[in-house]
Structures are given as C-alpha cells and as structure tokens.
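Read through the structure below, which is laid out as structure tokens, and then see the notes.
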Amino acid sequence: MVVTTTEDPDARRAEIQALAKDTYVGRLDAIFREDKESLLMWIGSQAGYDDAVAAIDEARLTFLQAPSHENLELIVDEILLDREDCAVVLATISAVGVLEGATDPTKFIWIYWPDAAGRLLQGAVWQDGTPQSQWIEECDLAIRGVSP
C-alpha cells in the first residue's frame, strides 16, 4: 500500500513528495557510490534496475558532487493517480550542480510502487505529456520486481 497518514490533499501531496524525493536521491546516490545492491531499495522494475546498472558500468553519469536531499530537487506538481498499489505523479526535478550537463528543471511523469518498508520504488519515468493510457497500463500490467 502507498503509505498515507492523511486524507488532506495538500498533506498527501507533501507526503508523496517526501517519499518520491527519498527515492530520487537514493537511486542517484546508489549510482554515485556504484552500489548495485542499494539500487534494489529504490527501483521496482527490472528495466529500471538494468538501466541504473548500465549507468554505473558505462559511466553514463558524471557527478559534480554527491547527491543529497539538499542539492537535488523534486517537486510534485500534481498527483495523477494515488491508489493502494501505485502512485503516479507529475514532478519537476533538478540536478543542476550535481550532474554534469543538467540544466533547467524538467518535468516528468514518475510511476511508483510501494514496498513492504513503506518506501516508493521507482517504476517507469515518462515524458510530460505522455497519454494517460500508457502510464495507467504501467501501473496495471508492469512486471514488478528486480533480479540482480
């Protein structure tokens, strides 16, 4: 279940934002530290895991400093779907000053699945403007789970 402690829409947005930012920072930190095992705490799909491992193995990302909650930005602009087994958000992210080549903040549609520890695992990431049918299908049909 996507963990909640509130029914207030603004508080719920803040709650999902905090969980989503933890996932964003945790995933980038695991790549920065080249810790493939830690990726399992933040990524919920095989494709996402394989992509993150490739980012490590192929040195796809150049870090200017270690990722942290203080230097990365993730703002939930809108909760598109919030249900027991899946959360979908439109969020603005920025890694300016953390990742080489990062420029202005960018909007993406992020799909998350809950785990037993109360975290959100990153499922898929879609470009802003992706039709709803595609990200709903990701929630409904995607194969969840990762095998290192």
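Select the helices (runs of 4 or more DSSP H) contained entirely in the range 1-79, then report the ones holding at least 3 residues which are out of contact with any helix residue (DSSP H, G or I) (no Cβ under 8 Å at 6 or more places or on another chain).
Answer list for the range 1-79: 9-32, 46-57.
Looking at the range 117-134 only, could you name the residues that are under 19 Å from Trp42 (Cβ atoms) and not in a loop (DSSP other than H, G, I, E, B)? Before you say what the answer is, go through the steps one by one.
Quick first cut of the range 117-134, residues under 19 Å from Trp42 (Cβ atoms) only: 117-126.
Passing the criteria: Leu120, Leu121, Gln122, Gly123, Ala124, Val125, Trp126.
Look at Glu70 and say whether it is more than 17 Å from Arg119 (Cβ to Cβ), of a type outside the set (A, V, I, L, M) and open to solvent by 50 Å² or more (accessible area, probe 1.4 Å). If you could, list the steps in order and put the result at the bottom.
Values: more than 17 Å from Arg119 (Cβ to Cβ): yes; of a type outside the set (A, V, I, L, M): yes; open to solvent by 50 Å² or more (accessible area, probe 1.4 Å): yes.
Criteria met by Glu70.
Would you mind stating whether Gly97 is open to solvent by less than 40 Å² (accessible area, probe 1.4 Å), over 18 Å from Gln132 (Cα atoms) and more than 15 Å from the chain's Cα centre (by Cα)? Step through it out loud before you land on a result.
Working: open to solvent by less than 40 Å² (accessible area, probe 1.4 Å): yes; over 18 Å from Gln132 (Cα atoms): yes; more than 15 Å from the chain's Cα centre (by Cα): yes.
Against the criterion (open to solvent by less than 40 Å² (accessible area, probe 1.4 Å), over 18 Å from Gln132 (Cα atoms) and more than 15 Å from the chain's Cα centre (by Cα)), Gly97 qualifies.
Hey, among Asp85, Asp35, Asp8, Asp115, which residue is modelled with pLDDT of 95 or more and not hydrophobic (A, V, I, L, M, F, W, C)?
Working: Asp85 fails: modelled with pLDDT of 95 or more; Asp8 fails: modelled with pLDDT of 95 or more; Asp115 fails: modelled with pLDDT of 95 or more.
That would be Asp35, the only listed residue that is modelled with pLDDT of 95 or more and not hydrophobic (A, V, I, L, M, F, W, C).
Quick one: count up the residues across the range 100-113 that are in contact with a strand residue (DSSP E or B) (Cβ under 8 Å, 6 or more places away or on another chain), open to solvent by 30 Å² or more (accessible area, probe 1.4 Å), touching a residue at least 12 places away in the same chain (Cβ under 8 Å) and over 16 Å from Glu78 (Cα atoms). Full working, then the answer.
Taking the range 100-113 and keeping what is in contact with a strand residue (DSSP E or B) (Cβ under 8 Å, 6 or more places away or on another chain), we get 100, 102, 104-113.
Subset that is open to solvent by 30 Å² or more (accessible area, probe 1.4 Å): 100, 102, 104-108.
Those left that are additionally touching a residue at least 12 places away in the same chain (Cβ under 8 Å): 100, 105-108.
Keeping just the survivors that are over 16 Å from Glu78 (Cα atoms) gives 100.
Final tally of qualifying residues: 1.
Checking the condition hydroxyl-bearing (Ser, Thr, Tyr), open to solvent by 60 Å² or more (accessible area, probe 1.4 Å) and in contact with a strand residue (DSSP E or B) (Cβ under 8 Å, 6 or more places away or on another chain), which residue from Thr62, Thr92 passes?
Selected residue: Thr62, the only one of Thr62, Thr92 that is hydroxyl-bearing (Ser, Thr, Tyr), open to solvent by 60 Å² or more (accessible area, probe 1.4 Å) and in contact with a strand residue (DSSP E or B) (Cβ under 8 Å, 6 or more places away or on another chain).
Name the one entry in Ala66, Ala18, Ala11 that is without any contact (Cβ under 8 Å) to a residue 40 or more places away in the chain, closer than 19 Å to Leu99 by Cα and among the small types (Gly, Ala, Ser). Full working, then the answer.
Numbers: Ala18 fails: closer than 19 Å to Leu99 by Cα; Ala11 fails: closer than 19 Å to Leu99 by Cα.
Sole residue among the options that is without any contact (Cβ under 8 Å) to a residue 40 or more places away in the chain, closer than 19 Å to Leu99 by Cα and among the small types (Gly, Ala, Ser): Ala66.
Those residues that are open to solvent by 40 Å² or more (accessible area, probe 1.4 Å), in contact (Cβ under 8 Å) with a residue 40 or more places away in the chain and closer than 22 Å to Ala95 by Cα, I need them from the range 28-41; list them, please.
Of everything in the range 28-41, those that are open to solvent by 40 Å² or more (accessible area, probe 1.4 Å), in contact (Cβ under 8 Å) with a residue 40 or more places away in the chain and closer than 22 Å to Ala95 by Cα turn out to be Lys36, Leu40, Met41.
Among the candidates Asp29, Asp22, which residue alone is within 16 Å of Pro114 (Cβ to Cβ) and at pLDDT 95 or above?
On the way: Asp29 fails: within 16 Å of Pro114 (Cβ to Cβ).
Sole residue among the options that is within 16 Å of Pro114 (Cβ to Cβ) and at pLDDT 95 or above: Asp22.
The values are calculated or read from the model by the stated rules, or taken from the named source; none is laboratory data. The model shown is predicted, which means the values in this text are computed figures rather than measured ones. Positions of Cβ are generated from backbone atoms using ideal geometry, with glycine treated the same way; all protein chains shown enter the neighbour counts. Side chains are part of the model used for accessible areas, which takes the heavy atoms of the whole protein and leaves out ligands, DNA and RNA. Shrake-Rupley method; radii C 1.70, N 1.55, O 1.52, S 1.80 Å.
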